[in-house]
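Working notes, structure below.
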Amino acid sequence: MKNLENVKKLFQDRESVKIFSTVSKEGEIHSIVAGSIMVIDDDTMAVAEVFMNTTCANLENNNKAALLAVKGMESYLVNATMQKRHTDGQLYDNVAKQFAAMNMQIKSVITFTIDKIYDESAGPNGGKQLF
Ligand SMILES: Cc1cc2nc3c(=O)[nH]c(=O)nc-3n(C[C@H](O)[C@H](O)[C@H](O)COP(=O)(O)O)c2cc1C
């Protein structure tokens with residue numbers, strides 16, 4: 001992820017809290033917890049759609065999203081643009097298998113292009129744009 005190893009590490013940490021925000025057609029912000037937020041590569045992140053009714057309705061009208069991870073005093077915010085809602089293919093199959101092992105069924109895996117990254121930690125770098 002743009003060679004920002006600490007950002008990648010926090011999003012991949014099973015113990016970090018991950019928040020996924022979208023915006024409705026009317027401009028209303030909707031934030032949910034999404035434990036499945038994952039880093040695919042330096043440019044791409046993804047999330048598993050298990051429920052996400054309002055979130056997916058928002059994404060149909062506005063492809064911009066914010067992905068935030070926090071653990072302790074460390075936090076990073078990724079502003080992203082939706083690429084695709086995958087309902088088949090290798091990525092979908094891999095994630096579906098992981099969720100099936102937890103007796104959960106996914107509807108899709110949604111991929112995003114990383115647009116901007118901010119450090120939102122409680123410290124002197126809080127608010128600083130990293131990418
Ligand atoms: C710890 C935790 C992790 C969650 N992870 C996911 C997830 O990965 N995917 C998902 O669809 N919903 C997940 N949810 C449920 C969402 O927060 C949300 O309640 C649900 O998707 C409905 O979203 P909506 O308001 O967009 O309809 C999680 C909830 C919690 C509390």
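When the chain is treated as a GNM, springs tying every alpha-carbon pair under 10 Å, which of F51, F20, F11 comes out with the largest mean-square fluctuation?
Answer for the Gaussian network model of the chain: F51.
For the pair C56 and H30, how long in nm is the line joining their label points, each one 7 Å along Cα→Cβ?
Once both label points are built, they end up 1.1 nm from each other.
Starting from the Cα of K128, draw a straight line to each of the aspartates and glutamates and keep only those under 14 Å, dropping any in the same chain fewer than 8 residues away.
In chain and number order, the partners are E74, D119, E120.
Any lysines with Cα under 25 Å of the K97 Cα? List them, leaving off those in the same chain fewer than 8 positions away.
K8, K9, K18, K84, K107
Using only Cα atoms, locate the centre of region 82-106 and the centre of region 28-78, then give the distance between them in Å, rounded to an integer.
Region 82-106 and region 28-78 have Cα centres spaced 15 Å from each other.
Once neighbouring chains are kept in place and the probe is 1.4 Å, which whole percent of the accessible area of the chain is contributed by carbon and sulfur?
Carbon and sulfur together cover 49 percent of it.
For every other residue with a beta carbon closer than 12 angstrom to the beta carbon of I106, add +1 if it is Lys or Arg and -1 if Asp or Glu, then tell me the sum.
Local net charge: 0.
Please give the length that would be gained between F131 and T87 if that part of the chain were fully extended, namely 0.36 nm times their separation in residues minus their C-alpha to C-alpha distance (nm, one decimal).
Full extension of this stretch gives 12.8 nm more.
Could you please put L59, L130 in sequence from largest to smallest accessible area, using a 1.4 Å probe?
Largest to smallest exposure gives the sequence L130, L59.
In percent, how large is the relative contact order of the chain, given Cα pairs closer than 8 Å and 6 or more residues apart?
24 percent
Within 10 Å, count the other beta carbons around each residue, average over each peptide in 68-79, 33-44, and list them highest first.
The packing order, highest mean first, is 68-79, 33-44.
Regarding region 5-119, what whole-number volume in Å³ per residue does the convex hull of its Cα atoms give?
In region 5-119, the Cα hull volume divided by residue count equals 100 Å³.
The values are calculated or read from the model by the stated rules, or taken from the named source; none is laboratory data. Computed from a prediction, not measured in an experiment: that's the story for all the values here. In this analysis, Cβ positions are derived from the backbone assuming ideal geometry, glycine residues included, and neighbour counts consider all displayed protein chains. These accessible areas exclude ligands, DNA and RNA; they are computed on the full protein's heavy atoms, side chains included. Shrake-Rupley method; radii C 1.70, N 1.55, O 1.52, S 1.80 Å.
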